[in-house]
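The values are calculated or read from the model by the stated rules, or taken from the named source; none is laboratory data. Note that the structure is a prediction, hence the values are computed from the model and not measured. FYI the Cβ positions are ideal-geometry reconstructions off the backbone, even for glycines, and counts take in every protein chain you see. When the accessible area is computed, the model is the full protein with side chains, heavy atoms only, and any ligands, DNA or RNA have been set aside. Shrake-Rupley method; radii C 1.70, N 1.55, O 1.52, S 1.80 Å.
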Amino acid sequence: MSDELDEARRQVAECGRRMVADGLVLGTAGNVSVRVGELVAVSPSGTPYDRIAPQDVSVVDLSGQRVDGPHAPSSETPMHLAVYAATGAGAVVHHHGLHSAAVSTVLDELPALHYYVLQLGGPVRVAPYATYGTPELARSVRAALEGRTAALMQNHGAVAHGDTLEVAYDRVRLLEWLCALHVMATGMGSPRVLSGEELTAVARRRAGNVTAVRV
């Protein structure tokens with residue numbers, strides 16, 4: 001378990017620097033976590049990503065109590081723990097990408113302008129606004145993620161989960177791309193939205209016969 005936890009802390013530190021390089025966060029915004037059994041390695045609070053070494057990454061139990069690390073865990077730890085409780089995920093990524101944040105201020109749901117949305121479970125819901133770090137936000141995000149692997153957070157940003165950190169990160173980057181597509185398309189006019197039948201046809205082509213996609 002110790003080696004696995006050490007690797008999780010390394011991944012969290014590395015992913016934070018990757019978010020900065022990819023332009024998904026500014027300063028200390030956003031957070032990353034990886035679950036290892038009954039423990040979670042999570043970004044430390046208020047520390048610039050370029051200064052976070054693996055040993056700086058906080059470790060908490062599933063109740064949110066810090067069990068290791070020199071810094072307090074991210075203020076968004078309750079949201080991460082709520083996602084783990086609801087999904088059984090192995091990793092969670094939250095960022096403040098510009099397009100995701102912009103779209104979150106306008107829509108209640110990101111429509112299916114591209115069939116890539118199927119990789120996130122369907123049209124992406126926007127969790128109603130709540131103050132960061134609060135139980136209210138954790139509940140809001142948990143509800144928005146039902147049947148989905150990613151969600152937007154109103155006037156805030158984006159979140160995604162996956163079995164691994166790489167999968168969660170790919171999903172949250174895809175969500176930023178879909179939001180950028182929406183911003184660009186609506187700036188040109190009224191974009192065409194794919195229907196449930198069209199999405200189901202794509203899903204069938206990719207994976208054989210499936211049930212209808214809920215939109």
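Here are the numbers:
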| read-out | value |
| --- | --- |
| Filter result for L81 (touching a residue at least 40 places away in the same chain (Cβ under 8 Å), within 24 Å of H156 (Cα to Cα) and either surrounded by fewer than 13 Cβ atoms within 10 Å (Cβ to Cβ) or of a type in the set (K, R) (or both)) | no |
| Failed criterion for S43 (all others in (1) hydroxyl-bearing (S, T, Y); (2) closer than 22 Å to G147 by Cα; (3) touching a Cys at 6+ places or on another chain (Cβ under 9 Å) hold) | (2) |
| Any chance R17 is basic (K, R), buried (at least 21 other Cβ atoms within 10 Å of the Cβ) and modelled with pLDDT of 95 or more | no |
| Tabulated pairs, region 131-154, first without any contact (Cβ under 8 Å) to a residue 12 or more places away in the chain, second open to solvent by 10 Å² or more (accessible area, probe 1.4 Å) and assigned to a loop (DSSP other than H, G, I, E, B), C-beta under 7 angstrom, 6+ apart or interchain | E136/A130 |
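Quick grid of which residues meet (1) at pLDDT 95 or above; (2) more than 20 Å from A168 (Cβ to Cβ); (3) open to solvent by less than 50 Å² (accessible area, probe 1.4 Å):
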{"position": "G37", "(1), (2), (3)": "yes, no, yes"}
{"position": "P44", "(1), (2), (3)": "yes, no, yes"}
{"position": "T47", "(1), (2), (3)": "no, yes, yes"}
{"position": "D50", "(1), (2), (3)": "no, yes, no"}
{"position": "D61", "(1), (2), (3)": "yes, yes, yes"}
{"position": "S74", "(1), (2), (3)": "yes, no, yes"}
{"position": "A86", "(1), (2), (3)": "yes, no, no"}
